[in-house]
Structure formats: C-alpha cells, structure tokens
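Remarks on the structure that follows.
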C-alpha cells in the first residue's frame with residue numbers, strides 16, 4: 001500500500017514536470033475602457049505599463065523572499081557547523097574519558113549538532129528548490 005502511494009506521488013510529480021505550459025492570452029480588464037481620450041489617464045497609463053511587463057510582481061517578491069530566507073538560513077547553518085566542529089575538536093572524545101580533559105558527552109553533543117546542521121542545510125536547499133520550481137514551472 002505504501003509503495004502504491006509513493007508511485008502515485010512520483011507519477012503526479014512527473015506529470016507536472018512534463019506538462020507543457022499553456023500560453024494564455026493576458027486578461028486586460030481595462031482594455032475597452034482605455035480607448036480614445038481615456039488613454040491619457042493615470043490608470044490607463046499604468047495599465048499599459050503593466051500589460052507590457054512579462055514578469056509577475058508577486059512572483060518576484062516570492063523569489064526575493066525565498067532567496068533571502070535561504071541565504072540567511074544557509075549562513076546560520078554554516079556557522080553552526082563551524083561551531084560544532086570547534087566543540088568537537090575541543091571535547092577530546094576518547095571513550096570513557098581516558099585522558100585528562102576528555103568529555104565524551106560533549107563530543108556526542110557536538111556530533112549531534114553537526115548532524116542536525118547538515119540536515120538543516122539539506123532541508124533549506126530542498127525548500128528553496130521546491131519554491132523556485134513551483135513558482136517557475138507551475139504558477140507561471
């Protein structure tokens with residue numbers, strides 16, 4: 001049953017990736033209202049500017065937000081990786097505390113912190129990739 005669900009999800013994702021993007025004519029609600037003398041109005045000029053634009057301002061904001069969040073979270077993950085490496089290097093880590101100053105619990109904690117930071121880095125990368133893919137391929 002579980003394999004069937006995974007197969008269904010994979011087929012759905014493959015169908016979304018392979019589906020051709022449909023080119024639809026842009027909807028212009030002010031098209032007939034901005035004829036003749038009305039073309040010189042502020043609203044009609046703004047409408048003309050927006051209709052000529054090929055980018056969606058909402059998608060631009062989503063991309064910018066995703067980029068900023070990914071960069072900040074990535075920098076934080078790298079700092080945590082460096083910190084856990086420092087803690088691991090200074091903990092000693094010999095089993096049973098055979099040398100003076102060894103702290104196996106601290107080495108174990110540093111190892112867990114390093115693993116969590118690497119998992120977080122992978123999650124950040126996947127989240128950014130999914131947001132970018134959905135906004136580029138599915139929404140556009």
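The values are calculated or read from the model by the stated rules, or taken from the named source; none is laboratory data. Since the model is a prediction, treat every value here as computed from it, not as a measurement. Cβ sites come from the backbone with ideal geometry, for glycine too, and all protein chains shown count toward neighbours.
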Residue 22, sole failed condition from (1) touching a helix residue (DSSP H, G or I) at 6+ places or on another chain (Cβ under 9 Å); (2) modelled with pLDDT under 75; (3) closer than 19 Å to residue 133 by Cβ: (1)
Hits in region 119-131 (condition: surrounded by fewer than 16 Cβ atoms within 10 Å (Cβ to Cβ) and either over 19 Å from residue 82 (Cα atoms) or in contact with a helix residue (DSSP H, G or I) (Cβ under 7 Å, 6 or more places away or on another chain) (or both)): 126, 127, 129, 130
Single residue of 105, 112 found to be in contact with a helix residue (DSSP H, G or I) (Cβ under 9 Å, 6 or more places away or on another chain) and at pLDDT 90 or above: 112
Out of the residues in region 85-102 meeting the condition of being surrounded by 15 or more Cβ atoms within 10 Å (Cβ to Cβ) and outside any helix (DSSP H, G or I), tell me which one is modelled with the lowest pLDDT. 93
Tabulated pairs, region 45-62, first closer than 14 Å to residue 132 by Cα, second surrounded by 11 or more Cβ atoms within 10 Å (Cβ to Cβ) and modelled with pLDDT of 75 or more, C-beta under 6 angstrom, 6+ apart or interchain: 59/135; 62/135
